[in-house]
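Please read the structure below before turning to the comments.
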Amino acid sequence: MKRTQIDPIVDLAAAFLFLGMMGTGYILRFPLPPGTNKVFTLWGLTRHQWGSIHFWLSLGFLGIIFVHIVLHWPWIVTVIGKRLNLALRSHPPMKRSGIKVALVFISTFTLFALATHWSVKQITEPIAGVCLLENCPSDEQQITSIPLENNNNLSEIEFWRNIYPIFELKCSSCHGSRQQLGNFRIDRREDFFGKDNRNPLVWPGKSSESPLIEILSGARPNMLMADRHKLPQQELSLLKSWIDTGAKWSQEASSSAIVGHSTLF
């Protein structure tokens, strides 16, 4: 096949793969964000499956770029040689050039792969939204392990001690320090009570009128990821009690209230 026929095919393949990477990347960031693999599918595929498609498209795109560089290597060498005022032949041998490009690509990718494997480290200290491998609880254990102390004395319910652990366990993957879907973060007071023209989610003393309860009770079935927002009745009752008793929120979180809680989502 002539070069005039090969070049358009390579360019079309590169464009197709690049668009595929953009599309799957969008899917992984927005319709199926982190934490939705066990909850949603898109066109019959889970987030992990879309991630695999994204990987193979990326690998194919890398291969096409490699082919493109090999086909144009004589021109690349000639242009660089002229720029650097080097005495090079205007048209280097195609076979030798292709071998050089292959060696450069293989060496670079090998070094990158080795660097990624050598740089992987085991988590030894608690990180928000991540559990230690040996301490990862099951889904049932996660629900029952949330500290609900002082439940008998409703007047002592306080956000950081009683309420925050629930949000940190269930919501930090989407509304924590790493990402804030919907511009909502579980440790910001203004996100609950409203500020700068933001509508409040919590009305102290009025749990029945607080939008937060409507969201977490499943009363908004048409909202995005409605099922994922729904809390068990025990946790929802505690949340209602917190709101009805004034929605107490101290200025700062105590370290004991936030250390040791993690999520598997």
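The values are calculated or read from the model by the stated rules, or taken from the named source; none is laboratory data. Note that this is a predicted model, so its numbers are computed, not measured. Positions of Cβ are backbone-derived with ideal geometry, glycine not excepted, and every protein chain shown enters the neighbour counts.
Checking Phe61 against (1) under 28 Å from Leu103 (Cβ atoms); (2) at pLDDT below 85: exactly one of these is not met. Which one?
(2)
Counting just the residues of segment 173-200 that are at positive phi and in contact with an Asp or Glu (Cβ under 9 Å, 6 or more places away or on another chain), which one comes out surrounded by the fewest Cβ atoms within 10 Å (Cβ to Cβ)?
Checking each candidate, the answer is Asp196.
Looking at segment 1-41 only, could you name the residues that are among the charged types (D, E, K, R), at pLDDT below 80 and part of a helix (DSSP H, G or I)? Break it down into steps so the answer makes sense when it comes.
Start the filter on segment 1-41 by keeping residues that are among the charged types (D, E, K, R), which leaves 2-3, 7, 11, 29, 38.
From what is left, the residues that are at pLDDT below 80 are 2-3, 38.
Of everything in segment 1-41, just one residue is among the charged types (D, E, K, R), at pLDDT below 80 and part of a helix (DSSP H, G or I), namely Arg3.
I want to confirm something. Restricting to segment 229-265 and keeping residues that are at pLDDT below 80 and not small (Gly, Ala, Ser), which single residue is farthest from Lys170 (Cα to Cα)? Break it down stepwise before answering.
First pass over segment 229-265, keeping only residues at pLDDT below 80: 250-265.
Narrowing the set further to residues that are not small (Gly, Ala, Ser) leaves 251-252, 258-259, 261, 263-265.
Details: Gln251: 22, Glu252: 21, Ile258: 13, Val259: 15, His261: 10, Thr263: 6, Leu264: 9, Phe265: 8 Å.
Going through the qualifying residues, I end up with Gln251.
Just checking, does segment 24-32 include any residue being farther than 21 Å from His175 by Cβ, assigned by TED's automatic domain parsing to the domain that holds Gly63, of a type in the set (Gly, Ala, Ser) and without any contact (Cβ under 8 Å) to a residue 24 or more places away in the chain?
Scanning segment 24-32, I find no residue that is farther than 21 Å from His175 by Cβ, assigned by TED's automatic domain parsing to the domain that holds Gly63, of a type in the set (Gly, Ala, Ser) and without any contact (Cβ under 8 Å) to a residue 24 or more places away in the chain, so the answer is no.
Across segment 185-223, what is the number of residues that are touching a residue at least 12 places away in the same chain (Cβ under 8 Å) and in a loop (DSSP other than H, G, I, E, B)?
12
If the requirement is being among the hydroxyl-bearing types (Ser, Thr, Tyr), surrounded by 12 or more Cβ atoms within 10 Å (Cβ to Cβ), in the same structural domain as Pro8 (by TED's automatic domain parsing) and at pLDDT below 80, which of these qualifies: Thr46, Thr78? If you could, list the steps in order and put the result at the bottom.
Numbers: Thr46 fails: at pLDDT below 80.
Within the list Thr46, Thr78, the selection yields Thr78.
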